[in-house]
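S.K.: I have a structure I would like to understand better, so I am pasting it below and will then ask my questions one at a time.
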Ligand SMILES: Cc1cc2nc3c(=O)[nH]c(=O)nc-3n(C[C@H](O)[C@H](O)[C@H](O)COP(=O)(O)O)c2cc1C
């Protein structure tokens, strides 16, 4: 019998710290998912590293949103949601988009996407999408979205998230 590291702690439950520690070794990019609140027209959004492309035909992307997110219901309420691919120099933007409460867009420059949503200055690319499906998955929902329009934006390297910290791509 091979012996190796066990994913379970003594009480039989997967240890959440270990889960984060191990999954943190999977490097990701980071996106800001933005929209205009359908009630007050103000920009809203959240940072996410769970973004991935899914399908070319039809063009689908996906990301996971925690049930605890207070911004997602606002973003979700808009007709179009916009994925902004963050650049290496946008660590502060990421922190702002990941904050809770307050005006997440204070001091941020942005222009409107074709769908009318914030495209953050300095973002590498943007995708205007409509939500096609939300699949419950534990304490998150897996959101599948159809891409309506997309384009590259600013040039630069990607913001990379790895082991709880930020870096770039060399
Ligand atoms: C690097 C990074 C990646 C994140 N990825 C996700 C994610 O994939 N899904 C998610 O629901 N929240 C993610 N978050 C947390 C959200 O950005 C945000 O903190 C959370 O939604 C709370 O804010 P809200 O209540 O305004 O939504 C991430 C935060 C950071 C800093």
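The values are calculated or read from the model by the stated rules, or taken from the named source; none is laboratory data. What you are looking at is a predicted structure, and each value in this text was computed from that prediction instead of being measured. Every residue, glycine as well, gets a Cβ built from its backbone with ideal geometry; the counts of neighbours run over all protein chains shown.
S.K.: Among the numbered criteria (1) more than 23 Å from residue 166 (Cβ to Cβ); (2) more than 10 Å from the ligand (Cβ to nearest atom), which one does residue 70 miss?
M.R.: Status for residue 70: all satisfied but (2).
S.K.: Filter region 19-41 for residues that are in a loop (DSSP other than H, G, I, E, B) and exposed (fewer than 12 other Cβ atoms within 10 Å of the Cβ); which is nearest to the ligand (Cβ to nearest atom)?
M.R.: Ranking the qualifying residues of region 19-41, first place goes to 26.
S.K.: Checking the structure you have, find out if any residue of region 53-65 is within 12 Å of the ligand (Cβ to nearest atom) and assigned to a loop (DSSP other than H, G, I, E, B).
M.R.: Scanning region 53-65, I find no residue that is within 12 Å of the ligand (Cβ to nearest atom) and assigned to a loop (DSSP other than H, G, I, E, B), so the answer is no.
S.K.: If I go through region 128-159 residue by residue, how many of them are within 19 Å of residue 90 (Cβ to Cβ), part of a strand (DSSP E or B) and over 15 Å from the mean Cα position of the chain (by Cα)?
M.R.: Counting residues in region 128-159 that are within 19 Å of residue 90 (Cβ to Cβ), part of a strand (DSSP E or B) and over 15 Å from the mean Cα position of the chain (by Cα) gives 3.
S.K.: Looking at the structure I just gave you, is residue 99 at pLDDT 95 or above, farther than 20 Å from residue 127 by Cβ and loosely packed, with under 15 Cβ neighbours inside 10 Å?
M.R.: yes
S.K.: Hey, does region 87-108 have a residue that's away from the ligand (no atom under 13 Å from the Cβ), without any contact (Cβ under 8 Å) to a residue 24 or more places away in the chain and in contact with a strand residue (DSSP E or B) (Cβ under 8 Å, 6 or more places away or on another chain)?
M.R.: Yes: region 87-108 contains one or more residues that are away from the ligand (no atom under 13 Å from the Cβ), without any contact (Cβ under 8 Å) to a residue 24 or more places away in the chain and in contact with a strand residue (DSSP E or B) (Cβ under 8 Å, 6 or more places away or on another chain).
S.K.: Would region 102-123 turn up any residue that is out of contact with any helix residue (DSSP H, G or I) (no Cβ under 6 Å at 6 or more places or on another chain) and under 23 Å from residue 24 (Cα atoms)?
M.R.: No, every residue in region 102-123 fails to be out of contact with any helix residue (DSSP H, G or I) (no Cβ under 6 Å at 6 or more places or on another chain) and under 23 Å from residue 24 (Cα atoms).
S.K.: May I ask you to verify whether residue 76 is at pLDDT below 95 and either within 15 Å of the chain's Cα centre (by Cα) or more than 11 Å from the ligand (Cβ to nearest atom) (or both)?
M.R.: no
S.K.: Being away from the ligand (no atom under 16 Å from the Cβ) and closer than 14 Å to residue 87 by Cα is the filter; apply it to region 111-139 and report the residue that is surrounded by the most Cβ atoms within 10 Å (Cβ to Cβ).
M.R.: Ranking the candidates gives 126 first.
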